[in-house]
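What follows is a set of notes on a single structure, which appears directly below.
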Amino acid sequence: MEIPMTRAFGLIVVGDEILSGKRADKHMPKVIDLLAARGLQLGWAEYVGDEPTRITAALGRAFNSGDIVFSTGGIGATPDDHTRQCAAQALRVPLELHPEAELLIRERMQDTAREQGIAYEPDRPDNIHRLNMGVFPKGAAIIRNPYNKIPGFSVEHVHFVPGFPVMAWPMIESVLDSRYAHMFTSGQSAEKSVIVFGAMEAALTPLMQAIEAAHAGIKVFSLPSVDHPEYGRHIELGVKGHPARLDAAYAQLIEGLHAYDARLGPELVR
């Protein structure tokens, strides 16, 4: 029987500052929240430093995966920004100045000059250099940046945004809402779980397998903890999936746990 494939959402976070610990990654928790608000889930994430070979390899995997991927960081025009170039290399296409990106970047430069009370000089070397921020792989589409107009870009279903959260997060939201609204499943997924004391995961595995076999579209999860501040050593055991199918699966879970003489704690519903 052919198993249907579901496209996952992926995240690539680029930057030495994350891997060195100079900055903590805020993108993954936020992307998880943005997806969850739309009934979606992050399928995978990858961190990569400012090393072109590794960035190219990571982006090559993203393009080949067929997944919907957001890449944050490295799209500026400083020497340690390599993401634009690596995307083109992974795609084996040339880089070119995107005409709409050029217009937006020039608008931003004019705004900055006006704010500083100086004349806008389009041919000044530093202004010419700033246009590199609009040099994208051939065929790219822009992602508008509501913060400062400097755009990101999309190629197929891989979307590139800056590393700054104040820019990246609204850009990711706009891509989700404009391109993937047909995938939103808000209200179509829920989970129920219970705290289990004094049980071993291995002993409960047959019960977990039986529940998944009996309830199509329901997943069973097990989250063990050895030093929880409130519950101490325990397992959070639960089911997740469509709300209409959840109650029957959860009832079987509780019945099975009683058969194991497991000691149960609080129930959790999300």
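The values are calculated or read from the model by the stated rules, or taken from the named source; none is laboratory data. This is a predicted model, so every value here is computed, not measured. Neighbour counts are summed over all protein chains in view; Cβ atoms, including those assigned to glycine, are modelled from backbone coordinates with ideal geometry. Ligands, DNA and RNA are excluded from the accessible area calculation, which covers all protein heavy atoms including side chains. Shrake-Rupley method; radii C 1.70, N 1.55, O 1.52, S 1.80 Å.
Overview of results
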item	result
GLU230 over 22 Å from LEU42 (Cβ atoms), surrounded by fewer than 16 Cβ atoms within 10 Å (Cβ to Cβ) and touching a Ser or Thr at 6+ places or on another chain (Cβ under 6 Å)	no
Subset of the range 82-103 [surrounded by fewer than 16 Cβ atoms within 10 Å (Cβ to Cβ), out of contact with any Phe, Trp or Tyr (no Cβ under 9 Å at 6 or more places or on another chain), of a type outside the set (D, E, K, R) and outside any helix (DSSP H, G or I)]	VAL93, PRO94
Matching residues, the range 16-39, being in contact with an Asp or Glu (Cβ under 6 Å, 6 or more places away or on another chain) and among the basic types (Lys, Arg)	ARG23
Any hit, the range 241-261, residues being open to solvent by 80 Å² or more (accessible area, probe 1.4 Å), more than 27 Å from the chain's Cα centre (by Cα) and basic (Lys, Arg)	yes
Subset of the range 203-220 (residues that are closer than 15 Å to LEU257 by Cβ and surrounded by 13 or more Cβ atoms within 10 Å (Cβ to Cβ))	LEU204, LEU207, MET208, ALA210, ILE211, VAL220
Test result for ALA119, closer than 21 Å to GLY15 by Cα, among the small types (Gly, Ala, Ser) and open to solvent by 20 Å² or more (accessible area, probe 1.4 Å)	no
Tally, over the range 199-240, of residues that are out of contact with any helix residue (DSSP H, G or I) (no Cβ under 7 Å at 6 or more places or on another chain) and not charged (D, E, K, R)	22
Strands (runs of 3 or more DSSP E) lying entirely in the range 133-243 (those with 1 or more residues that are in contact with a strand residue (DSSP E or B) (Cβ under 9 Å, 6 or more places away or on another chain) and among the acidic types (Asp, Glu))	190-197, 219-228, 232-241
VAL155 being more than 17 Å from ILE105 (Cα to Cα), open to solvent by 30 Å² or more (accessible area, probe 1.4 Å) and among the aliphatic types (A, V, I, L, M)	no
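Yes/no per residue for (1) on the phi < 0 side of the Ramachandran plot; (2) touching a strand residue (DSSP E or B) at 6+ places or on another chain (Cβ under 8 Å); (3) of a type outside the set (A, V, I, L, M); (4) in a helix (DSSP H, G or I):
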| residue | (1), (2), (3), (4) |
| --- | --- |
| TRP44 | yes, yes, yes, no |
| ILE75 | yes, yes, no, no |
| ASP80 | yes, no, yes, no |
| ILE105 | yes, no, no, yes |
| MET109 | yes, no, no, yes |
